[in-house]
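A.B. asks: Would you mind keeping the following structure in view while I ask a few things?
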Amino acid sequence: MRREIANFNGTEARRVERRKAEKFYDEGKRIWILPEKANPGSLMFEGSSPFVKTEDKRSFEKLVNEYSFYNCNKELGTYVKYFVAENDIEEVY
């Protein structure tokens, strides 16, 4: 996995693997999901809203499946990548 840092509405976020993203989501932390080839710095994805379990009652599996179905394609990539806010990562580690 590539080391990737993104900025979502002024929040620094680091790319993490799926297991860690699921853990953070279950703890109520903010996560961002993007298609694999999407550039998080582009205007299309820069203002992406985070997913938070307290606001979103779906399970992580269902959330990822629904996001993949509607947002992933051959052009943007067929699977997703996950981002977690830097300050949320520092609290855990």
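A.B. asks: If a residue counts only when it is at pLDDT 90 or above, which helices (runs of 4 or more DSSP H) contained entirely in region 22-93 have at least 1 such residues? Lay out the reasoning, then the answer.
C.D. replies: Values: elements: 43-46, 60-71, 86-92.
Those helices (runs of 4 or more DSSP H) span 60-71, 86-92.
A.B. asks: Of all residues in region 9-56, which are within 17 Å of GLY77 (Cα to Cα), loosely packed, with under 15 Cβ neighbours inside 10 Å and free of Cβ contacts under 8 Å to residues at least 60 places away in the same chain?
C.D. replies: GLU36, LYS37, ASN39, GLY41, SER42, MET44
A.B. asks: Follow-up. Hey, can you tell me all the residues within region 9-33 that are closer than 11 Å to GLU86 by Cα and in contact with a strand residue (DSSP E or B) (Cβ under 6 Å, 6 or more places away or on another chain)?
C.D. replies: THR11, ALA13, ARG14, ARG15, VAL16, ARG30, ILE31
The values are calculated or read from the model by the stated rules, or taken from the named source; none is laboratory data. From a predicted model like this one, the values you see are computed outputs, not experimental measurements. Because the Cβ atoms are built from the backbone with ideal geometry, glycine has one as well, and the counts that use them run over all protein chains shown.
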